[in-house]
Amino acid sequence: MIFKKKNSNMNETTDAEQTACDEMNETPDTENQEPVTDSVEGLEEALENAEKEEQPEMDPVKVLEKALQDEKDRVLRLYAELDNVRRRASRELLDERKYSGMEIIRAILPVMDNLQRALEAAAQNSEGDPLFEGVKMIYQQMTDVLNKNHCTRIEALNQPFDPNFHEAISQMPNPDVDENTVIYVTQEGYLLHDRVVRPTQVVVSKKP
C-alpha cells in the first residue's frame with residue numbers, strides 16, 4: 001500500500017507540470033488586441049486635429065484686405081521709383097542742354113588766346129592804328145558772345161590760389177603778397193555757368 005500511494009503523488013505532480021507547460025505554450029489571443037496600423041492612423045489623425053485647433057482658419061475678408069494692402073504698397077513703391085527715374089532723366093536732360101556748348105567753347109578759346117597775345121604785342125606801337133582797333137573790336141565781340149552764352153572769365157590775378165579754378169605752373173618768391181597768391185596769369189580760364197571749361201594757368205607766390 002505504501003508503494004501505491006507514492007505513485008499517486010507522482011502522478012499528481014506530473015499533471016501539474018503538464019498544465020503549466022500547456023499554459024506557457026498557449027498561443028496568445030490576437031482577436032481582442034488592437035492592430036498596430038489602426039493605432040498609427042489614429043495617432044496621425046489626432047495630431048492633425050491638434051494642428052487645426054492650434055492654427056484656426058483665417059477670415060477670408062481679412063485675407064483679401066491684407067492682399068489688397070500689399071498690392072497698394074507695391075504700386076506706391078513702383079510710382080516712387082518711376083518718379084525718381086523721371087526726375088533723374090529730367091535733370092540729366094537739363095544738364096546736357098546747359099553744358100551743350102562746352103566743346104565748342106573749348107575749341108574757340110585758343111583763338112581768343114591768340115587774339116589776346118596779338119593785342120598785347122601790338123599795344124605799345126599800334127595804339128590808334130585802324131587794324132589794331134579792328135582786331136581789338138573782334139576780340140571784344142567774341143568776349144561778348146561768350147558772356148551771353150554764360151561763359152565768363154575766371155578772375156585769378158591777386159586772388160588766393162584755388163586748385164578748383166587755377167592751375168599753378170610755377171612759384172615765385174614775393175615778399176609783398178601773402179603766400180599762395182596768384183601774382184601772374186599766363187593763360188585765361190573760363191567758366192560755363194558753374195562748371196570749369198578751362199582752369200586759369202597762374203604763377204603763385206611763395207615765401208622769399
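Derivation of every value follows stated rules applied to the coordinates shown; laboratory data play no part. Keep in mind it's a predicted model, so treat the numbers as computed, not measured. Don't worry about glycine lacking a Cβ; one is built from the backbone with ideal geometry, like all the others, and counts go over all protein chains shown.
Obtain the nm distance between the two label points defined at GLU103 and LYS62 by a simple spin-label model: each point lies 7 Å from its Cα along the Cα-to-C-beta direction.
Taking the two extended label points, one gets 6.4 nm.
Determine which residues of segment 186-208 fall in the zone a paramagnetic label at ALA121 would reach in this model, i.e. backbone nitrogen under 20 Å from the point 7 Å along Cα→Cβ.
So the set is 186-188.
Can you pull the percent of Cα pairs in segment 102-206 with separation above 25 Å?
Working: 1674 of 5460 pairs.
In whole percent, the share of Cα-Cα pairs in segment 102-206 beyond 25 Å is 31.
Considering amide H positions built from the backbone, and no H for Pro or chain starts, which residues 5 or more places from GLN159, or on another chain, come under 5 Å of its amide H?
Excluding prolines and chain starts, which carry no amide H, the hits are VAL182.
Using amide H atoms built 1.01 Å from N in the peptide plane, name the residues 5+ places from LYS206, or on other chains, whose amide H lies under 5 Å from its own.
Amide H to amide H, under 5 Å and 5 or more residues apart or across chains, LYS206 pairs with MET172, ASN174, ASN180.
Can you tell me how much longer the chain between ALA80 and VAL145 gets when fully stretched, taken as 0.36 nm per residue apart minus their C-alpha distance, in nm with one decimal?
The span from ALA80 to VAL145 would gain 19.2 nm if fully extended.
Under a Cβ-only charge scheme (Lys and Arg +1, Asp and Glu -1), can you give me the dipole magnitude of segment 80-131 about the Cα centre, in debye to the nearest 20?
360
What's the extension gain from LEU93 to ASP70 if we count 0.36 nm per residue and subtract their Cα-Cα distance?
Fully extending the segment from LEU93 to ASP70 adds 4.8 nm.
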